[in-house]
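Here's the structure we're looking at; comments come further down.
The values are calculated or read from the model by the stated rules, or taken from the named source; none is laboratory data. In this text, all values refer to a predicted model and were calculated from it rather than measured experimentally. With ideal geometry, Cβ positions are generated from the backbone for all residues, glycine too; neighbour counts draw on all protein chains shown. The accessibility values were calculated without ligands, DNA or RNA, using every heavy atom of the protein model including side chains. Shrake-Rupley method; radii C 1.70, N 1.55, O 1.52, S 1.80 Å.
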Amino acid sequence: MIEVTNLTKQYGDHIAVNNLSFKVEKGQIYGFLGPNGAGKSTTMNIITGYLAPTDGTVTIDGKDIQKEPEAAKKLIGYLPEIPPLYTDMSVRDFLRFVAELKKVPKAERKQQVDEVMEMTQITDMQNRLIKNLSKGYRQRVGIAQAILGKPEVIILDEPSVGLDPKQIIEIRDLIRKLGEKHTVILSSHILSEVQEVCDHILIIAHGKLVASDTTENLSKLTNPNTILNLTVSGDFDAAKAVLENVAGVDSLENGGTDADGNTLIKVVSAKGVDVRDEAGFALAGARIAVRSMQIEEKSLEDIFLELTDGGEEVKKERKRLFKKKDSEEATDETADEEVNSKADADSENINGEGEER
Ligand code: ADP
Ligand code: MG
């Protein structure tokens, strides 16, 4: 349906999109995932014909977005990062206006406007001025304008940014619904979001594609077994003698001793097998005290961070920002590449603002 080939976009000497190639098949929901500044918006602006690439091509259903912009654009509905809304217009007037711009035949306009309002559940708001709507409703108007004209493909750039948790859930439900009739590409810097709604995930970092697979396959990359990190009193051999006989324990690894002379042990069991209780009882029975125990998870989040080389730095920043601002927005802004590179240098300078804002 969409074919992106060797796409590159340079701003001066900064390469925002670097030789990106991928294909989007019909009828699926694709997640375009990457930290802030990764090049998501730039790519979407090129795919939708709003921005010319420095190099490379994009075809929509075989139509080149640069050579046949009108025909290609007709196949796409786009919700840019900053939705183009005329806030002094009422919802209905605005949508009627967009329908006209999109050349929806006059006889069909009213019905299509009614349909998209119904789909996005804004019918009750149709006579309100857009400027008086909440951010969540404005976003729905943005999506409604994108689906007017019944384009085959819907492209949504970070549709849930700035929404509260309830609105986020509603928008996700709406995106799933859109996925039933359209091919959807949705960008996000939040892994859980794409994981929840998308069939396929494309991960982008520094303008390059670093992973592309089904959500299911990517999820398989998570820890193949369960790892329990234990801290116990006494030495490794004594604990080992006990833990070896605990049902479910596959192997043990000596993690050395901590400052207090306690022993750190990695206990490996099969995926989903939780040996905490039995290990605790057995150790207590042998008068070995358990100082701490924690199951280690390698989540898709970790994989995402590794792939986008956020890694430890991003996690540290995440914690720091979480302390600074307690809005959930702030914690999600941290995957920013700028923040990353400055992380060591100056912790006070970090304000959690993405480059795009
Ligand atoms: P994302 O949407 O993934 O956050 P963007 O596509 O907005 O990323 O930006 C990718 C990179 O290109 C960033 O480093 C950003 O600062 C830079 N960039 C984006 N737009 C411009 C522009 N108009 N001029 C110069 N640099 C830009
Ligand atoms: Mg963006």
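Of all residues in the stretch 34-79, those that are within 16 Å of ligand 1 (Cβ to nearest atom) and of a type in the set (A, V, I, L, M) total 8.
So how many residues does the stretch 191-218 have that are of a type in the set (Asp, Glu) and under 23 Å from Asn19 (Cα atoms)? Give the steps one after another, and end with the answer.
First, the residues of the stretch 191-218 that are of a type in the set (Asp, Glu): 193, 196, 199, 213, 216.
Right, trim to under 23 Å from Asn19 (Cα atoms) and you get 213.
Of the residues in that region, 1 qualify.
If you filter the stretch 22-47 down to residues that are under 19 Å from the mean Cα position of the chain (by Cα) and away from ligand 2 (no atom under 16 Å from the Cβ), you find that the one that is most open to solvent (accessible area, probe 1.4 Å) is Lys23. Cβ separations smaller than 8 Å between residues 6+ apart or across chains give the following pairs from the stretch 118-130 residues that are under 14 Å from Leu148 (Cβ atoms) to residues that are open to solvent by 40 Å² or more (accessible area, probe 1.4 Å): Met119/Lys177; Ile122/Tyr137. Do we find that Leu186 is within 16 Å of ligand 2 (Cβ to nearest atom) and touching a Leu at 6+ places or on another chain (Cβ under 6 Å) in this structure? Criteria met by Leu186.
This table checks each residue for (1) open to solvent by less than 60 Å² (accessible area, probe 1.4 Å); (2) closer than 21 Å to His182 by Cβ; (3) not aromatic (Phe, Trp, Tyr).
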{"residue": "Ser90", "(1), (2), (3)": "yes, no, yes"}
{"residue": "Ala99", "(1), (2), (3)": "yes, yes, yes"}
{"residue": "Glu115", "(1), (2), (3)": "no, yes, yes"}
{"residue": "Gln126", "(1), (2), (3)": "yes, no, yes"}
{"residue": "Lys131", "(1), (2), (3)": "no, no, yes"}
{"residue": "Pro159", "(1), (2), (3)": "yes, yes, yes"}
{"residue": "Lys166", "(1), (2), (3)": "no, no, yes"}
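Taking the stated definitions as given, is Val104 surrounded by 21 or more Cβ atoms within 10 Å (Cβ to Cβ) and either free of Cβ contacts under 8 Å to residues at least 24 places away in the same chain or among the hydrophobic types (A, V, I, L, M, F, W, C) (or both)? Considered against the rule, which asks whether it is surrounded by 21 or more Cβ atoms within 10 Å (Cβ to Cβ) and either free of Cβ contacts under 8 Å to residues at least 24 places away in the same chain or among the hydrophobic types (A, V, I, L, M, F, W, C) (or both), Val104 comes out as no.
In this structure, is Ala71 among the small types (Gly, Ala, Ser), within 16 Å of ligand 2 (Cβ to nearest atom) and at pLDDT below 95? Lay out the reasoning, then the answer.
Working: among the small types (Gly, Ala, Ser): yes; within 16 Å of ligand 2 (Cβ to nearest atom): no; at pLDDT below 95: yes.
No; evaluated as a whole, the condition is false for this residue.
Tyr86 passes every criterion in (1) farther than 20 Å from Ile154 by Cα; (2) modelled with pLDDT of 95 or more; (3) open to solvent by 30 Å² or more (accessible area, probe 1.4 Å) apart from (2). The listed residues are Lys271, Lys266, and the only one of them that is among the basic types (Lys, Arg), within 13 Å of Glu296 (Cβ to Cβ) and loosely packed, with under 14 Cβ neighbours inside 10 Å turns out to be Lys271. Residues of the stretch 70-83 that are buried (at least 16 other Cβ atoms within 10 Å of the Cβ) and either touching a Lys or Arg at 6+ places or on another chain (Cβ under 8 Å) or of a type outside the set (Gly, Ala, Ser) (or both): Ala72, Lys73, Lys74, Leu75, Ile76, Tyr78, Leu79, Pro80, Glu81, Pro83. A Cβ distance below 7 Å, combined with a sequence gap of six or more or placement on separate chains, defines the contacts here; from the stretch 66-88, residues that are closer than 26 Å to Lys26 by Cβ reach residues that are surrounded by fewer than 18 Cβ atoms within 10 Å (Cβ to Cβ) and among the aliphatic types (A, V, I, L, M) in the pairs Gln66/Ala52.
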